[in-house]
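The values are calculated or read from the model by the stated rules, or taken from the named source; none is laboratory data. Just so it is clear, the structure is predicted and the values come from calculations on it, not from any experiment. Positions of Cβ are generated from backbone atoms using ideal geometry, with glycine treated the same way; all protein chains shown enter the neighbour counts. All accessible areas refer to the heavy atoms of the entire protein, side chains included, with ligands and DNA or RNA removed. Shrake-Rupley method; radii C 1.70, N 1.55, O 1.52, S 1.80 Å.
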Amino acid sequence: MARRTKQDAQATREALLDAAERVFELRGVSHTSLAHIAEAAGLTRGAVYWHFKDKAALFNAMMERVTLPLEKELEGLAQCTGDPIDALVQRLMHSIAQIASDARTQRVLHIATMMVEHVEDLWPVRERRAQVDSANVERVMQAFEAASALRGQALPAPARQLADGFHALVRGLVHSWLLRRGFDLEATARVAVRAYLLGIGLPVHGDAAVAPARNQG
């Protein structure tokens, strides 16, 4: 019976997160209440509060469901063997491929980038996003420093600045693609990432680390 209860609780939690995606996308985050989400899920407000203390907690859980797999790509970067730049690009392009192909990932990232007002009750959302960004920049910086030492190639600027620029490049590409879908995200990311790395003196080694762009014809 306990096992069944645990399964039911997990199913309820997933139903609430599914409903949150739909309602946030329809109404925007600030104009959505927990009552709206409960109604969309066919559940009571009590069920919502059983799983989430407030809207910010629910929103972050919705984000984590799709972004944690992406974040884990960079979390494991320091443990990779071989060239740090090749490992960075491989993991980054795997994440880009998920964004380009997975509808849920696209929907949640669209909500996060286009439909959130960081008003007082959503400050925890902003804080979590800042923490994730800082951690990712730190991992990129470490990859740049490790590659610089391994290759005997001095960096043209402080590693932190280069990592911040790289992070902004990738986030900007994803944001622009979500806004208008007017270009091939994977192909453009390959070109932009390789060009940036070449520009700072840390080119990708060969074509093994970045698969060729798909034929658009």
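Some observations on this one:
- For the residues ASP133, ASP86, ASP184, a GNM of the chain with alpha-carbon springs under 10 Å puts the largest fluctuation on ASP184.
- Here the Karplus relation 6.51 cos²θ - 1.76 cosθ + 1.60, evaluated at θ = phi - 60°, turns the backbone of region 83-93 into coupling constants of 6, x, 5, 4, 5, 4, 5, 4, 5, 4, 5 Hz, with x for every Gly and Pro.
- Apportionment of accessible area to carbon and sulfur, the chain, percent (1.4 Å): 54
- For the pair LYS72 and LEU26 in one chain, pulling the backbone fully straight at 0.36 nm per residue adds 13.6 nm over the alpha carbon distance.
- Selection from ALA112, GLN90, ALA47 lying farthest towards where the dipole of the chain points positive, charges on Cβ: ALA47
- Amide H contacts of VAL29 (H built 1.01 Å from N, in plane; Pro and chain starts excluded): GLU117 sit under 5 Å, all sequence-distant by 5 or more or on other chains.
- With the convex hull of its Cα atoms as the shape, region 80-201 has an orientation-averaged projected area of 8.2 nm².
- Whole-Å distance, taken between Cα centres, linking region 16-92 and region 161-203: 23
- When Rg and the Kirkwood radius Rh are both evaluated on Cα atoms of region 16-63, their ratio Rg/Rh stands at 0.90.
- Region 1-83 - convex hull of the alpha-carbon atoms, volume per residue in Å³: 130
- Most tightly packed first, judged by the mean number of other beta-carbon atoms within 10 Å of their residues, the peptides 57-65, 44-52 read 57-65, 44-52.
- Taking the average, over residues, of other Cβ atoms within 10 Å as the packing measure, peptides 196-203, 136-143 rank 136-143, 196-203 from highest down.
- For region 1-155, alpha-carbon Rg relative to the globular expectation (2.2 N^0.38 Å, N residues): 1.26
- Straight-distance candidates among the lysines for linking to LYS6, with alpha-carbon spacing under 22 Å and chain neighbours fewer than 8 residues away dropped: LYS53.
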